[in-house]
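Below is one structure, written out as structure tokens; the observations come after it.
The values are calculated or read from the model by the stated rules, or taken from the named source; none is laboratory data. Values in this document were obtained by computation on a predicted structure and should not be read as measured data. As a convention, Cβ positions derive from the backbone with ideal geometry for all residues, glycine included, and neighbour counts pool all protein chains shown.
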Amino acid sequence: MITIYVDNQAYQAKAGGNLLEAVLSLGLNLPYFCWHPAMGSVGACRQCAVTLYKDEQDTQGKIVMACMTPVKEGLRISLQDRQSRDFRARVIEWLMANHPHDCPVCDEGGECHLQDMTVMTAHDYRRYRFAKRTFANQDLGPFVNHELNRCIACYRCVRFYNDYAGARDFSVLGCHNTVYFGRSQSGPLESEFSGNLVEVCPTGVFTDKTLKEHYTRKWDLQTAPSICVHCGLGCNTIPGERYGTLRRVQARYHSQVNGYFLCDRGRYGYEFVNRPERPRTAMIRRDGQLAAASAEAALAAARELVGSARGLAGVGSPRASLESNFALRQLVGAENFYSGQAPWLDDCVREALRQLQIGPATPSLRQVEQCDAAVVLGEDVTNFAPMLDLAIRQAVRVEPMELARQLKIDLWLDGPVRELIQDRRGPLLIASPAATKLDEIARWTYRSGPAGVVRLALATARELDASLPVPDGLDEPTARLAKEVAAALAKAKSPLVVSGCGCGSVELIQAAGVLARALAKVNSAARLSLTVPDCNSLGLAMLGGKNFRQALEALRLGRADTAVVLESDLWDLAPTDAVESALAGKRLVVLDHLPGRTVQRADVLLPAGTFAEADGTLVNNEGRAQRFFQVFPPQGDIRQSWRWLGDLAGRNWPNLDAVLAELSSALPDLAPATGAAPQANFRIEGLKVARQSHRYSGRTAITADVTVHEPKPPDDPDTPLTFSMEGFDGIPPAALVPRFWSPGWNSQSALTRFQQEVNGPLRGGPAGVRLINPGSSGGTAVSAVSGESDQAGPQAGRLCYQKLLVVPAWHIYGSEAQSMQSPALAGRAPRPYLGLSPADAAQAGLQADQRITAQFDGQSLSLEARILPSLPRGLAVLGMLAGQPAVQLPAIIDPPPKGAP
Amino acid sequence: MLNETEKEEVARELERYPTRQAACIEALKIVQKRHGYVSDEHLAELAGLLGMTEDELDGVATFYSLIFRRPVGRHVILLCDSVSCYVMGYEDIYRHLRGGLGIEFGQTTADGRFTLLPAPCLGCCDRAPAMMIDDDLQLDLTGPKVDQILAQYQ
């Protein structure tokens, strides 16, 4: 720490950063626009001007831009002097010259960085009397609204979208005072991260198009800290509710997980919570028909079914919380608890868990960003774990940034660093069945099915550790590539191996572990990152239920006659025939919030709360347990799943902490999950944390059409948060932050007030807790995996043209069931398809988009043929689309005949 | 569609630079030379040749005021409106042009003969006011002189 002087007062600041960061970290007010904590400084907007003095005697000083000035010992500046205040006032005046007076109809109003900065600089009178420049807006697709007249040309959008997220379908058009931020032509933004423009833009140029459909001001939203439920990475979110419907989702900063950003699935997938088709009433089957019943009657009926069962099968869910799954396990007994992850994915998740337990350590997303070499084995991370794509895009800049270090250029100086790096990228290998979006930044790409990728991984491991065997069937080009990749990995300071469940190959996950461990022998900083399919896949695996195949068997053989299904659609897990024959004559208690085939088949349906109406803990792909909180109380019959199940089991859990206490004693490995967030009795200054802002409007009028007496706020026995505007609204512990707001800072930029320092952790302790310590438990390391060991038979590279090996192809819009209920997102999903190599398509006489019928084991699928030039011959990909009949992958199929026209 | 000559010319430019996109300004000029402006179709085709997206190339094309993204007349008049010309009577010249041609800055005459555009400086302050028609610099302008000059461009 060093000492700097601001307006003659001494402060302690961190050396090495820039002055704007230092001033903001000190909690002082200084307006800015073009600087963004994740994207560094460019000094473009001139708003953060301060006066810099040579020494104590200097009374003149000179104007400098704080964001471009390195912090040095003894630095002496003024924010309050007339010179810099006038300068800042002029700057905002010219930035505002063309800005419309449309705040009342602007979606950004009330959480607008430009509004806040205008107030901060006290610019309150417009002297500019002339016509303002105006633009035609573009249709940028279903996610982001475009209103360019509001633009102040800070360039943050293009710096995020193009420079940070690597997309190329957006640009700055025109010049001087007519600068247009948009696309060459109207059309949907192609980046998976386009929604971040809404938060990156300091004003209302880019706003949330789905919010517009049910608009609510920030101060009128009831918000709570939450965790994204749309993939396995566990990004932190802030969902906002009004009048019982969810209105939007924003990023909640977490220094180790998602940083400042979210992917578009995470931001726009929320509308399943609001769907009218959603099960909302408790139902009981009477005379073959599901009929509405009271919650108590349904609970009694369920209790009767469970109590009279000759055998129970409880099917847990990778999209339900640890607590709900545990409650089910307690109801049915550990020996009758089964995983609701599709069996082939379940095998992969369990293997991923085992590899994480063995090590080397798994990185957080922030640590991924800091790796200087990476291999991605079998994964299309852009579609399977989207924010990992964004992290890898930062990682490839790490190695070339060494140049900047050598030239002593501060890394936060974004302009010079980018100019220096140009197109240089660090080593990245993408080994996958078909082309992925990350190929464009990869040094090497390798096209093959899982077995070929396994061979490449093992060959690379062997290059690093001569004690390992040479994999069988290694061809010359693969061996050469392995040598090159191994050399780059060995040279790296912090190399990373990425793999996961996306290929459906257990062997591949093992091989990734072998490679990571071989690498760790050379460099102890080596890391292993593994993706998992769902938001609580890893948590469910840690609860240790049996595989769903065994559930079907138990039901089919009659060992169980009653199934209790938690937030799962069984038809998504196994082929239709297998599910139907297993369920024939069986009794079904279903808890869910998604409509589906299992819900329709239920004998008793208990409507479950979504993430927005429930409290619980999710375990992400790094084994980090994170708590999500109710955003609003469930309405009608809806209850949180763990509460339904606790009542069914006759447990009188008074609150969530009681569930966690029982979980901790039953499964000590999971006990640390209790510490993911403060317990229900936590208070600050005697207060709970308020979910509603202190400006929340209409509290007394909101139910005035029913009664003029203001209702008591709903109780929340489970958390230290309250459904009220009365409560603590300062800076709570990180896990309890319901919104970012600070006096004078109404936008997301208030975040710097919540950080210990810019880009540092939030104040008030960590949010979430890691449950897995590598090396502490779990199986022994497998040092070798045979590339030929998987049951699939003919593999790419071992071509057998009579058959096709089918592996999954994931889609950010389409593969995840909950988000597919959001109209904005569903509209961007592909139609069900089978991707074929041009050679295989030609051999089968198939053309693009032709209808085909593909025969999988026990399931026939009607699909469209897609021709994918990147696919090797003999390999095919099946688009993984929510709701389509389940098949087990990888699979061997006959080349499909053309379907009926 | 670009014709063979244009493609050859673009290919020749590409050879001169270490990266493809470095040739983008020259490539845009090649297209404009024959067509007078760069259409959306030409922009898309050029982007493909240069390994750029349309958005990236359009960013360059629209940045330069002498790359035209809309059709222009047979002759383009660039009238200097910078300080020296302003002092020396630019406003009279502009009024004269507007009166004679019936168009404002940014417009093209109905017969497609002239497009009138402002230019920030033509670099001949010593001979102000000045304008440029196509590739010809016209200096020491007066109203009658402008009429004479325009007559030369049909």
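General remarks:
- Extreme residue, farthest from the other protein chains (Cβ to nearest Cβ), among residues of the stretch A:154-206 that are of a type in the set (D, E, K, R) and assigned to a helix (DSSP H, G or I): A:Glu199
Each row is one residue, and each column tells you yes or no for (1) touching a strand residue (DSSP E or B) at 6+ places or on another chain (Cβ under 8 Å); (2) under 24 Å from A:Asp116 (Cβ atoms); (3) among the polar types (S, T, N, Q).
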{"residue": "A:Cys175", "(1), (2), (3)": "no, no, no"}
{"residue": "A:Gln185", "(1), (2), (3)": "no, no, yes"}
{"residue": "A:Leu211", "(1), (2), (3)": "yes, yes, no"}
{"residue": "A:Tyr215", "(1), (2), (3)": "yes, yes, no"}
{"residue": "A:Gln222", "(1), (2), (3)": "yes, yes, yes"}
{"residue": "A:Val229", "(1), (2), (3)": "yes, no, no"}
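- Pairs with Cβ under 6 Å, 6+ apart, first in the stretch B:132-154 and among the β-branched types (Val, Ile, Thr), second assigned to a helix (DSSP H, G or I): B:Val146/B:His96
- Residue count for the stretch A:451-496, restricted to those that are part of a loop (DSSP other than H, G, I, E, B) and more than 31 Å from the chain's Cα centre (by Cα): 11.
- Qualifying residue in the stretch A:616-636 (condition: closer than 20 Å to A:Val249 by Cβ, part of a helix (DSSP H, G or I) and at pLDDT 95 or above): no
- Set side by side, the residues A:Ser308, A:Ser324 differ, and just one is out of contact with any helix residue (DSSP H, G or I) (no Cβ under 9 Å at 6 or more places or on another chain) and either of a type outside the set (Val, Ile, Thr) or not assigned by TED's automatic domain parsing to the domain that holds A:Val619 (or both), which is A:Ser308.
- Count of residues meeting criterion [under 20 Å from B:Leu2 (Cβ atoms) and either within 14 Å of another protein chain (Cβ to nearest Cβ) or in a strand (DSSP E or B) (or both)] in the stretch B:67-88: 4
- Residues of the stretch A:690-711 satisfying the condition of being of a type in the set (Gly, Ala, Ser) and either surrounded by fewer than 11 Cβ atoms within 10 Å (Cβ to Cβ) or part of a strand (DSSP E or B) (or both): A:Ala690, A:Ala701
- Residues in the stretch A:522-537 include at least one that is outside any loop (DSSP other than H, G, I, E, B), farther than 19 Å from A:Val619 by Cβ and in contact with a Pro (Cβ under 9 Å, 6 or more places away or on another chain).
- Answer from B:Leu2, B:Leu43, B:Leu49 - the residue that is more than 11 Å from every other protein chain (Cβ to nearest Cβ), among the aliphatic types (A, V, I, L, M), assigned to a helix (DSSP H, G or I) and surrounded by 15 or more Cβ atoms within 10 Å (Cβ to Cβ): B:Leu49
- Just one residue in the set B:Ala11, B:Ala61 is touching a Lys or Arg at 6+ places or on another chain (Cβ under 7 Å), under 29 Å from A:Asp423 (Cα atoms) and among the aliphatic types (A, V, I, L, M); that residue is B:Ala61.
- Filter result (buried (at least 24 other Cβ atoms within 10 Å of the Cβ) and in contact with a Ser or Thr (Cβ under 8 Å, 6 or more places away or on another chain)) within the stretch A:484-502: A:Val485, A:Leu489, A:Leu496, A:Val497, A:Val498, A:Ser499, A:Gly500, A:Cys501, A:Gly502
- Where strands (runs of 3 or more DSSP E) fall entirely within the stretch A:231-319, those with at least 3 residues that are buried (at least 19 other Cβ atoms within 10 Å of the Cβ) and not aromatic (Phe, Trp, Tyr) are at A:236-242, A:245-251, A:312-315.
- Exclusive hit being within 14 Å of chain B (Cβ to nearest Cβ), in a helix (DSSP H, G or I), at pLDDT 95 or above and closer than 23 Å to B:Thr19 by Cβ, set A:Glu399, A:Glu440: A:Glu440
- Selection of first residues in the stretch B:1-28 that are within 26 Å of A:Arg424 (Cβ to Cβ) and of second residues that are assigned to a loop (DSSP other than H, G, I, E, B), restricted to Cβ pairs under 6 Å at least 6 apart or on distinct chains, gives the following pairs, ordered by first then second residue: B:Arg20/B:Gly51; B:Gln21/B:Met52; B:Ala23/B:Tyr17.
- Test result for A:Gln60, without any contact (Cβ under 8 Å) to a residue 40 or more places away in the chain and part of a loop (DSSP other than H, G, I, E, B): yes
- Each residue in the stretch B:5-32 was checked for being within 14 Å of another protein chain (Cβ to nearest Cβ) and more than 26 Å from B:Val76 (Cβ to Cβ), and 6 of them qualify.
- Among (1) touching a Ser or Thr at 6+ places or on another chain (Cβ under 6 Å); (2) free of Cβ contacts under 8 Å to residues at least 24 places away in the same chain; (3) more than 14 Å from every other protein chain (Cβ to nearest Cβ) - the single one B:His35 does not satisfy: (1)
- Matching residues, the stretch A:543-561, being farther than 20 Å from A:Ala309 by Cα and in a helix (DSSP H, G or I): A:Leu543, A:Arg549
- From the list A:Leu305, A:Leu328, A:Leu312, the one residue that fits, being more than 30 Å from A:Ser191 (Cα to Cα) and either touching a Gly at 6+ places or on another chain (Cβ under 6 Å) or without any contact (Cβ under 8 Å) to a residue 40 or more places away in the chain (or both), is A:Leu328.
- Scanning the stretch A:96-118 for residues that are hydrophobic (A, V, I, L, M, F, W, C) and either assigned to a loop (DSSP other than H, G, I, E, B) or farther than 23 Å from A:Asp208 by Cα (or both) returns A:Met96, A:Ala97, A:Cys106, A:Cys112.
- Exclusive hit being under 14 Å from A:Asp346 (Cα atoms) and in a helix (DSSP H, G or I), set A:Leu540, A:Leu515: A:Leu540
- Qualifying strands (runs of 3 or more DSSP E) (wholly inside the stretch A:802-885; at least 1 residues being surrounded by fewer than 23 Cβ atoms within 10 Å (Cβ to Cβ) and of a type in the set (Asp, Glu)): A:859-867
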